[in-house]
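The values are calculated or read from the model by the stated rules, or taken from the named source; none is laboratory data. None of the values given here were measured: they were computed from a predicted structure. Reconstructed Cβ throughout: ideal geometry from the backbone, glycine too, with neighbour counts over all protein chains shown.
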Amino acid sequence: MFKQRSIPVFILLSIVTCGIYTLVWYWSAMNELYRAGGKSIGNLDPVVQFILLFFYVGGIFFAINADDNLNEVRAQKGLPRQENKVLYVILEVLGLGLITCALVQNEMNHLA
């Protein structure tokens, strides 16, 4: 379902590649989350969501979709919901998207 990724390696590669690896991670995570949960705000497919990353709203869309899809996977596994949407959106608005990515990857690792 989800590919396990090391969070420290993700952060290190994101810094070393000046954010290019972050875009690769976003692409992979968006596709994995969409396939696993099937939820998307405004019925946006991962391609449109990825394009929106180059605009300010893309990270916010990702944060909302990630939380919805993670909760859908939790429901499929019989686990309780965790509402992290507000935290993710606040981090994105503050420009701390790398932390949002790390938190989402941590949840994906736990659900894998």
Q. What number of residues within the range 1-13 are under 26 Å from residue 37 (Cα atoms), free of Cβ contacts under 8 Å to residues at least 24 places away in the same chain and surrounded by 11 or more Cβ atoms within 10 Å (Cβ to Cβ)?
A. 1
Q. Out of (1) more than 12 Å from the chain's Cα centre (by Cα); (2) among the hydroxyl-bearing types (Ser, Thr, Tyr); (3) within 16 Å of residue 108 (Cβ to Cβ), the odd one out for residue 26 is which?
A. (1)
Q: Could you look through the range 36-76, keep only residues that are of a type in the set (Gly, Ala, Ser) and out of contact with any Asp or Glu (no Cβ under 7 Å at 6 or more places or on another chain), and pick out the one that is surrounded by the most Cβ atoms within 10 Å (Cβ to Cβ)?
A: 66
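I'd like to verify a number: residues in the range 77-112 that are of a type in the set (Val, Ile, Thr), surrounded by 18 or more Cβ atoms within 10 Å (Cβ to Cβ) and farther than 19 Å from residue 32 by Cα, how many? First the steps, then the outcome.
To start, the set of residues in the range 77-112 that are of a type in the set (Val, Ile, Thr) comprises 86, 89-90, 93, 99-100, 104.
Okay, now just the ones that are also surrounded by 18 or more Cβ atoms within 10 Å (Cβ to Cβ), so 89, 100, 104.
Filter once more, so that each one left must be farther than 19 Å from residue 32 by Cα: 89.
Counting residues in the range 77-112 that are of a type in the set (Val, Ile, Thr), surrounded by 18 or more Cβ atoms within 10 Å (Cβ to Cβ) and farther than 19 Å from residue 32 by Cα gives 1.
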Q: With the condition kept exactly as written, say whether any residue in the range 14-35 is buried (at least 17 other Cβ atoms within 10 Å of the Cβ), of a type in the set (D, E, K, R) and modelled with pLDDT of 95 or more.
A: no
